[in-house]
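Below is one structure, written out as structure tokens, with a few remarks after it.
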Amino acid sequence: MTGERVPAAGAAVRLVVVLGSNADARRRLQQARSELERAAPIVAASEEVEAPSYLPGDASLYRNQALLLEWPGATGGFTALARDIERRLGRRREAAGAAAHDVEIDIDLVAGFGADGALLHLAPEKLAPELVRTLVRQVVSGRGRAELDAALG
């Protein structure tokens, strides 16, 4: 499943977000968590993990973490917030194919669930790396976990 099913009007959704940074990473992840928590409660957080990039040609070490947020609306509003936080924390988006560079902060929406745990949104391309799947599994449980695992195969 890709894309988004719309929750009932006024219904909160739970969003799974993955944070990543290779530039002053501990501080950047903390700043991103603080900014996100101003907009939506953090329900669960995975461990922070430092690992090599999974992108070809990028030898950087990245610090990553998954968060489960209680979001009061549709995922489109979250995406706009995430891009604004990235910009305020110094993120520069380079053109496709540009050389690897410092990523001050990356905030990726990877999945969204209804109040009943039903999978509403999935970004399978963001969940391709095994590290990302491992972190996401630390914050998703119950029906949401079962639906996520089924969708990913």
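Structure above, values below:
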quantity	calculated
Within the range 86-132, tally of residues that are charged (D, E, K, R), farther than 21 Å from GLU37 by Cβ and modelled with pLDDT of 90 or more	4
Scan of the range 50-69 for residues that are in contact with a Phe, Trp or Tyr (Cβ under 9 Å, 6 or more places away or on another chain) and among the hydrophobic types (A, V, I, L, M, F, W, C), ordered by number	ALA51, LEU68, LEU69
Test for ALA146: is it modelled with pLDDT of 95 or more and exposed (fewer than 15 other Cβ atoms within 10 Å of the Cβ)	yes
Test result for VAL17, among the hydrophobic types (A, V, I, L, M, F, W, C), at pLDDT 90 or above and crowded, with 21+ Cβ neighbours inside 10 Å	yes
The range 31-57, subset touching a residue at least 60 places away in the same chain (Cβ under 8 Å) and in contact with a helix residue (DSSP H, G or I) (Cβ under 8 Å, 6 or more places away or on another chain), residue surrounded by the most Cβ atoms within 10 Å (Cβ to Cβ)	ALA32
Matching entry among ARG28, ARG63, ARG83 (being among the charged types (D, E, K, R), crowded, with 16+ Cβ neighbours inside 10 Å, at pLDDT 90 or above and part of a helix (DSSP H, G or I))	ARG28
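The values are calculated or read from the model by the stated rules, or taken from the named source; none is laboratory data. Bear in mind that the values here come from a model prediction, so they are computed numbers and not experimental data. Methodologically, a virtual Cβ is constructed for each residue, glycine included, from the backbone with ideal geometry; neighbour enumeration extends over all protein chains shown.
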